Amino acid sequence: MTDKPQFSYEDVDLGDEIGPIQRIVTHKNVLDFVSIREENPKPSRFTSKEVAVKEGLNEAIVPGVMNIAMMSQLITSWAPNVQLKKIDVVFRQTVPHNTTLILKGIITDMADAPSDPEISCDITMETEEGVKMVIGNAILTLRKKV
């Protein structure tokens with residue numbers, strides 16, 4: 001059993017906040033993530049500062065798909081009964097390892113439909129200083145009260 005609140009469509013309003021959650025992605029986190037696809041991944045801009053610098057970056061970066069996974073987790077951890085239908089993101093900056101990230105969302109639109117009401121929210125991943133690294137929009141559903 002989960003201790004997260006169960007929400008229904010009627011329990012949320014425009015302007016309600018989702019999160020925030022704080023994450024620090026370490027070098028080991030990235031290595032574990034890329035190792036899911038390839039057991040011994042070769043050095044890349046994601047796993048090696050040297051390779052990243054050769055590609056014009058200041059340091060190794062968090063893979064884009066890992067950033068999307070964290071932003072999806074923001075939505076799905078908000079309430080156990082939420083269903084994420086769609087997520088679109090824009091990478092405004094590369095996300096370096098070992099940076100404190102704040103992920104949050106805000107409900108911006110609600111479309112009441114008899115069977116599948118949708119909720120839209122803006123989502124952001126930013127530094128502690130408020131620098132937006134990744135921005136986006138998510139569409140999710142919550143069941144209506146019976």
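Computed from the coordinates by the stated procedures, all read-outs in this text should not be read as laboratory data. Note that the structure is predicted; figures quoted are calculated from it, not measured. Here the Cβ positions follow ideal geometry from the backbone for every residue, glycine too, while neighbour counts run over all protein chains shown.
Between the amide H of Val134 and those of Arg92, Met125, distances stay under 5 Å, these residues lying 5 or more places away or on another chain, with hydrogens modeled in the peptide plane.
Within the listed set Asn98, Asn81, Asn40, the residue fluctuating most in the Gaussian network model of the chain (springs between alpha-carbon atoms under 10 angstrom) is Asn40.
Given a cut-off of 32 Å, name the pairs among Lys49/Lys85; Lys28/Lys144; Lys42/Lys85; Lys104/Lys144; Lys28/Lys145 whose C-alpha atoms lie farther apart than that in the structure shown. Pairs exceeding 32 Å: Lys49/Lys85; Lys28/Lys144; Lys42/Lys85; Lys28/Lys145.
Contact order for the chain, expressed relative to its length and based on alpha carbon pairs under 8 Å spaced 6+ residues apart, stands at 30 percent. Dividing the helix sum by the residues of the chain, where each DSSP H run of 4 or more adds -39500 (n - 2.57), gives a mean residue ellipticity at 222 nm of -6000 deg cm²/dmol.
Close amide H pairs (under 5 Å, H built 1.01 Å from N) link Arg45 with no residue at least 5 positions away or on another chain. Between the amide H of Ile18 and those of Gly105, Ile106, Ile107, distances stay under 5 Å, these residues lying 5 or more places away or on another chain, with hydrogens modeled in the peptide plane.
Comparing mean-square fluctuations of Ser48, Ser120, Ser35 from a GNM of the chain with C-alpha springs under 10 Å, the top value falls on Ser35. Using only Cα atoms, find the angle between the long axis of helix 64-78 and the longest principal axis of the chain, and express it within 0 to 90 degrees, rounded to the nearest 10. Helix 64-78 sits at roughly 30 degrees to that axis.
Values (i) 17.3, 58; (ii) 14.4, 41; (iii) 17.7, 45 are given for comparison; Rg and Dmax of the Cα atoms in Å, derived from the coordinates here, is the one labelled (i). Note on Ile106 and Ala69: the model spin-label points, each 7 Å out from Cα along the C-beta direction, lie 3.0 nm apart. Note on Gln83 and Glu38: their simple-model spin labels are 3.6 nm apart, each label 7 Å out from Cα toward Cβ.
Can you list the trypsin sites (Lys or Arg not before Pro) in segment 1-94 that are in a DSSP coil and have 11 or fewer other beta carbons within 10 angstrom? Here the trypsin sites (Lys or Arg not before Pro) that fit, given the DSSP loop and packing criteria, are Arg37.
Stretched out straight at 0.36 nm per residue, the stretch from Ser8 to Val146 would grow longer than its current Cα-Cα span by 48.7 nm. Each label point was placed 7 Å from the Cα along the Cα-to-Cβ direction; for Asn58 and Ile21 their separation is 2.7 nm.
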